[in-house]
Number of protein chains: 2
Amino acid sequence: MAPESAHVIATYLIETSLPLAQAAEVLAGEQSTGTFVRVERESDEVRARFAAQVESLTEVPLTGASALPGAVGDPALRRRAVLRLRFPLDNFGPSLPNLMAAVAGNLFEIKELAAIKLIDLDLPAAFTTRYSGPRFGVEGTRRLMSRPEGAMIGTIVKPSIGLTPEELGELVGELAQAGVDFIKDDELQGNGPHSPLESRVRAVMPVLQRHADRTGKMPMYAFNITDDIGRLEANHDLVVAAGGTCVMACVNLIGFAGLEFLHRHAEVPIHGHRTMLGALMRSEQVGIGFRAWQKIARLSGADHLHTNGISNKFYESDAEVLDSIAAVREPLLGIVPTVPVLSSGQWGGLAHATYEAVGTSDLLVLAGGGIHGHPDGAAAGVASMRAAWHSAERGESLDDALVASSELRRAVERFGPARV
Amino acid sequence: MAPESAHVIATYLIETSLPLAQAAEVLAGEQSTGTFVRVERESDEVRARFAAQVESLTEVPLTGASALPGAVGDPALRRRAVLRLRFPLDNFGPSLPNLMAAVAGNLFEIKELAAIKLIDLDLPAAFTTRYSGPRFGVEGTRRLMSRPEGAMIGTIVKPSIGLTPEELGELVGELAQAGVDFIKDDELQGNGPHSPLESRVRAVMPVLQRHADRTGKMPMYAFNITDDIGRLEANHDLVVAAGGTCVMACVNLIGFAGLEFLHRHAEVPIHGHRTMLGALMRSEQVGIGFRAWQKIARLSGADHLHTNGISNKFYESDAEVLDSIAAVREPLLGIVPTVPVLSSGQWGGLAHATYEAVGTSDLLVLAGGGIHGHPDGAAAGVASMRAAWHSAERGESLDDALVASSELRRAVERFGPARV
C-alpha cells in the first residue's frame, strides 16, 4: 500500500447524465468493494486499500451517438469524458482473466452510464512474470518464411470454404509459385467434415515441401486450428509434425485464455485472427477498444494480430486502422514485437499510402481478392503487390511504380484507382 | 445437400440503408464464401452448397438508436429487420468455436449494416454428440445443497474484495448459521495475493463442514476459480479435495471454450458468472444477445447461469430479465436444465413479483446487500427472503407474507417498498 505499489490503469470513455465525478465514483465502487448498500466489514480501511481510484477525468465532446439502453438521468445533461481508473494489482494479481473481471466486468451494465467503453490498459511489469508474449513475432516470422526484409506479402484461401483438400493443394501450389510469403485458411475454414484440418494438412504440406525443395523457400501456411481447448494441442501437433510453420487461432473464439493455453504449447508462430471483435469494438458507446484488446492478445502470445488495412471493405476509417497498426507496434513490457496483419480489400495500389502512414514494412499484408482476383492471375497479383511495396520502401512515388510494373498497372485497371 | 441436411439458423437484428434483401445477401455472403471480388474456383455449385441462405427477413420498427459507426448509405433510408440465416452444419461441423466464426465472426464489421446483433441460434442435435451440457443442473444442485424444493436462497461475499481469509471464514460461519443454501465469491475475488484461492478454501471449508456436522446440511459455496486455462483443473481439484461442492467460473473471462474445458474435468456444479456480458449485449445495435449467448454457455456445461433479477441495480428492464430467465429454462437439445441465477439488488420484497412472472422456484436467488444489509443482520435477511418465497410459492399474497414475517417487514423498512 505504499504509493509506489503496483497497479493497473484502465482508461474508459464514459457518458453520463450524473455529475461526471459522481459517475466515476459509481464505476470505481462497482469494480472494487461495492454492493447497493454499505455492509458490515466494509471499513474505510478496506475501501482505501482495495477500491479503484479515479486517476483522471477529462471531459470530451459528445459524438452524437445515442445513449445506451437503460441509462438513467436527464438526457439534456449528458456529458462524455475520458476516465482513467487505478486498480491495485493486489486485488487480482497478475492473472489476465481476473484482471478483466475488474477492468471489464459488470461495469458495462451500470445504469448511471450512458456510454462505457474500455479503450486502453496500462499494465505493470508483474504480468510478464506469468505471460511471456510472442515467441516468434516479427523476426521469427521473417526467418521462417525466408523474407528478411520488406513487407511480407500473403493471401487468404478463397473461396473461404468449399474447396476440397485436393483443390486446396492445387491452389496452394499456384500461390507458392506466384511467390507469396504467407497463405492462411479463412477463419470460416475450421475443422468441418467437408475439409477437415487433417486432410488440409495432408494436401498442403507436401506441395509446400516440394516448392521448398525446388526454390529453397517455403511460404508460411497458417492452418486454422481454432477448436475446443482440448483439441488445440493435437491440432497444433498435426501441423508441426507435417512440417508446418504456423497455426492460426481466432482469438475471440478460443478466448484470450485459450490463446494463452495454446501459446504455452506452440512451437510455431500463432496467427491471431480477430474475428468477432466487431461485436466488442464497433460501438462508440460500449465494449472494448482495439488498444486494450491487442495488449491482452499480445501478452497471451499472439505472434501476428489482425489490424485491418486502409481502404478496407469493413466499417473502420483509415485513422482507426492506422491507430490499430501503431498500437500493435508499440513496445509492451519488453515482450517480442507482434506482426500487424493488414487485410480486407488490400491490393498493390494501397502500398504507398500505407507505407507513408505506417513508416515500416514489418507488416504482413494479406490480399484475398487483390491476388486471386488480379486480371492476369495470382502470380501477377503477387508481383503487383511486391512491386508496389518495394517501390514505396525505396521512397519512390506511386507513379514510378506504375511505370515500372505492368502488373500494378493491370491491378489498377481492376481495383483502382490507387491511393496516393 | 439433401434439403433435410443439418443446419444452424442464426437470428439477427439488422439495420441498413440498402434495400433490406440486398443487405441480407451481403451478410450471408461474407459469412460463407465471399471476398470483395468473385474468384476462381468459386463456382455456382460451391456457392449453392456452402453459402448461408436467407431463411426469413421481417421488417420491424427502428428503435431510435443511432447507426453504428462507419455505416454507409442514406440515413433517411435506414430500416430495421429481423433476419434469419441458415448455415449448413457441414461448413463448420459441431464445433462451437468454429460455429461462432460463421454466425458471429466478421459480420459485425460490415459497413452496409448500421446495426447487426446476433439474438438467437437454433442448433441441430449434432452438437450434443460433442457437448453434453450441465452434469448437475437444477436437480444436482438441489441435492448437493439439501434444498429439495422452493427457491434456493443464496448470497455473495461482501465486501467483494478485501476480507482476509480469516474474516471470510467468520462471515461464512454467520451466513451458514443464517440458513443460506448457497454462498459465492464475488467475481472480483479471483486468486490475488491478498486472499488466494487456497487460503479461502482452507478458511471456508472447515467452517462449512462443522456446520454440516451439526445440522446435516452444508450450504454450497461457489469458489471463484477463474484463471488461466492451465490453472483451472488444479483450482477445481483444490476445491473438491477440501469437500467443496461448487466452482464458479466467469464464462466470458475464460471463454466458452474455457468453460467447456473445465466442464470436462468438473466433478461439481459450475456456477457460470456472466461478468463482461454487458460489453457484448448492452447495445441494441451490435453484439450478441442473451438468448444466443446462454445457449452456448449451457451446451458448454454451465450448471448455473446469471440472468440478473427484476428491479436490479443494472440497466436491464424487468421484461429483459424475465426473458433471460425464460430463455435459460427453455429445453435445449435434451440437455440437463441449467439453474437461472437471479442477482443484483435482490431482496425479499421482490419474491412475489418474481414468482408470479416466472412461475417456478427452480431458481437460485442471490441477495448481497439484501442479506448482509438487513437491519437485523444476515439471519433476518435470509429469513425475510425465505418467508417471502415460501409465501409466494404457496400462492399467498405479499400482504399475507408481511403479516406473517417480521423480518420481511423490517426488510421493507430498509429496502422497500416491495414489488407487487
Quiz item: Are any residues in the stretch A:29-51 modelled with pLDDT of 75 or more and facing chain B (nearest Cβ under 8 Å), and if so, which ones?
Solution: A:Arg49, A:Phe50
Quiz prompt | Matching option when the condition is in contact with a His (Cβ under 6 Å, 6 or more places away or on another chain), farther than 20 Å from A:Glu30 by Cβ and not aromatic (Phe, Trp, Tyr), among B:Gly359, B:Gly395, B:Gly381, B:Gly349 | solution = B:Gly381
Quiz prompt | Candidate set from the stretch A:300-324 (those that are assigned to a helix (DSSP H, G or I) and surrounded by 24 or more Cβ atoms within 10 Å (Cβ to Cβ)); member that is farthest from the chain's Cα centre (by Cα) | solution = A:Val321
Quiz prompt | Test: B:Leu253 is facing chain A (nearest Cβ under 8 Å), touching a Phe, Trp or Tyr at 6+ places or on another chain (Cβ under 9 Å) and open to solvent by 10 Å² or more (accessible area, probe 1.4 Å) | solution = yes
Self-check item: So A:Pro206, is it open to solvent by 10 Å² or more (accessible area, probe 1.4 Å), more than 25 Å from the chain's Cα centre (by Cα) and under 23 Å from B:Leu89 (Cα atoms)
Solution: no
Quiz item: Given the conditions (1) more than 11 Å from chain A (Cβ to nearest Cβ); (2) open to solvent by less than 30 Å² (accessible area, probe 1.4 Å); (3) more than 17 Å from the chain's Cα centre (by Cα), which single one is not true for B:Pro269?
Solution: (3)
Quiz prompt | Count of the stretch B:151-174 residues which are open to solvent by less than 10 Å² (accessible area, probe 1.4 Å) and touching a residue at least 60 places away in the same chain (Cβ under 8 Å) | solution = 5
Quiz item: Quick one: which of A:Val26, A:Val54, A:Val60 is modelled with pLDDT of 70 or more, exposed (fewer than 13 other Cβ atoms within 10 Å of the Cβ) and within 20 Å of A:Leu118 (Cβ to Cβ)?
Solution: A:Val60
Exercise. Take the stretch A:122-168 and flag every residue that is in contact with a strand residue (DSSP E or B) (Cβ under 9 Å, 6 or more places away or on another chain), assigned to a loop (DSSP other than H, G, I, E, B) and charged (D, E, K, R).
Key: A:Arg135, A:Arg147
Quiz item: Counting just the residues of the stretch B:103-134 that are in contact with a Phe, Trp or Tyr (Cβ under 7 Å, 6 or more places away or on another chain), more than 8 Å from chain A (Cβ to nearest Cβ) and open to solvent by 10 Å² or more (accessible area, probe 1.4 Å), which one comes out nearest to A:Met281 (Cα to Cα)?
Solution: B:Lys117
Self-check item: Residues of the stretch A:353-377 satisfying the condition of being over 25 Å from A:Asp303 (Cβ atoms) and surrounded by fewer than 24 Cβ atoms within 10 Å (Cβ to Cβ)
Solution: A:Ala353, A:Glu356, A:Gly373, A:Pro375, A:Asp376, A:Gly377
Self-check item: Sole residue being closer than 22 Å to B:Ser344 by Cβ and under 21 Å from the mean Cα position of the chain (by Cα), chosen from A:Val103, A:Val157
Solution: A:Val103
Exercise. Tell me, yes or no, whether the stretch B:188-198 has at least one residue that is more than 30 Å from B:Ser391 (Cα to Cα) and more than 11 Å from chain A (Cβ to nearest Cβ).
Key: yes
Practice problem: State whether the residues of the stretch A:208-216 include one that is touching a residue at least 60 places away in the same chain (Cβ under 8 Å) and farther than 23 Å from A:Arg298 by Cβ. | Solution: yes
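Out of A:Ile296, A:Ile310, I need the residue that is of a type in the set (A, V, I, L, M, F, W, C) and under 18 Å from A:Gly345 (Cβ atoms). Which one? If you could, list the steps in order and put the result at the bottom.
On the way: A:Ile296 fails: under 18 Å from A:Gly345 (Cβ atoms).
Step by step, each of A:Ile296, A:Ile310 is checked, and only A:Ile310 is of a type in the set (A, V, I, L, M, F, W, C) and under 18 Å from A:Gly345 (Cβ atoms).
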Quiz item: From B:Leu85, B:Leu113, B:Leu68, which residue is modelled with pLDDT of 95 or more and within 30 Å of A:Leu197 (Cβ to Cβ)?
Solution: B:Leu85
Exercise. Having 3 or more residues that are under 18 Å from A:Glu316 (Cβ atoms) is the bar; report the helices (runs of 4 or more DSSP H) wholly within the stretch A:341-420 that clear it.
Key: A:351-358
Quiz item: Do we find a residue being open to solvent by 10 Å² or more (accessible area, probe 1.4 Å) and assigned by TED's automatic domain parsing to the domain that holds B:Ile183 anywhere in the stretch B:222-231?
Solution: yes
Practice problem: Answer yes if at least one residue in the stretch A:175-182 is open to solvent by 30 Å² or more (accessible area, probe 1.4 Å), of a type outside the set (Asp, Glu) and part of a helix (DSSP H, G or I), and no otherwise. | Solution: yes
Practice problem: May I ask you to list pairs of residues, at least six apart or on different chains, whose Cβ atoms are under 6 Å apart, with the first in the stretch B:284-304 being in contact (Cβ under 8 Å) with a residue 24 or more places away in the chain and the second being among the small types (Gly, Ala, Ser) and assigned to a helix (DSSP H, G or I)? | Solution: B:Gly287/A:Ala279; B:Ile288/A:Ala279; B:Phe290/B:Ser324; B:Arg291/B:Ala327; B:Gln294/B:Ala327; B:Asp303/B:Gly137
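Hand me the list of helices (runs of 4 or more DSSP H) wholly inside the stretch A:191-299 holding 2 or more residues that are closer than 30 Å to A:Val60 by Cα.
The qualifying helices (runs of 4 or more DSSP H) are A:277-281, A:290-299.
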Exercise. Run B:Ala234 past the list (1) open to solvent by 10 Å² or more (accessible area, probe 1.4 Å); (2) without any contact (Cβ under 8 Å) to a residue 12 or more places away in the chain; (3) within 13 Å of chain A (Cβ to nearest Cβ) and report the number of the one that doesn't hold.
Key: (3)
Quiz prompt | Selection from the stretch B:67-88 of residues that are within 8 Å of another protein chain (Cβ to nearest Cβ) and either buried (at least 21 other Cβ atoms within 10 Å of the Cβ) or assigned to a strand (DSSP E or B) (or both) | solution = B:Leu68, B:Ala71
Quiz item: Which is touching a helix residue (DSSP H, G or I) at 6+ places or on another chain (Cβ under 9 Å) and among the β-branched types (Val, Ile, Thr), of A:Val82, A:Val60, A:Val103?
Solution: A:Val103
Quiz item: Got a number for residues in the stretch A:159-187 being closer than 26 Å to B:Leu107 by Cβ, away from chain B (no Cβ under 11 Å) and not β-branched (Val, Ile, Thr)?
Solution: 2
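Please state which one of A:Val382, A:Val420, A:Val412 is at pLDDT below 95 and in contact with a helix residue (DSSP H, G or I) (Cβ under 6 Å, 6 or more places away or on another chain).
A:Val420
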Exercise. Go through the residues of the stretch B:327-336 one by one and say whether even a single one is touching a residue at least 60 places away in the same chain (Cβ under 8 Å), open to solvent by less than 20 Å² (accessible area, probe 1.4 Å), in a loop (DSSP other than H, G, I, E, B) and touching a strand residue (DSSP E or B) at 6+ places or on another chain (Cβ under 9 Å).
Key: no
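The values are calculated or read from the model by the stated rules, or taken from the named source; none is laboratory data. What you see is a predicted model; the values in this text were computed from it and never measured. Here the Cβ is made from the backbone with ideal geometry for all residues, glycine too, and neighbour counts use every protein chain on show. All accessible areas refer to the heavy atoms of the entire protein, side chains included, with ligands and DNA or RNA removed. Shrake-Rupley method; radii C 1.70, N 1.55, O 1.52, S 1.80 Å.
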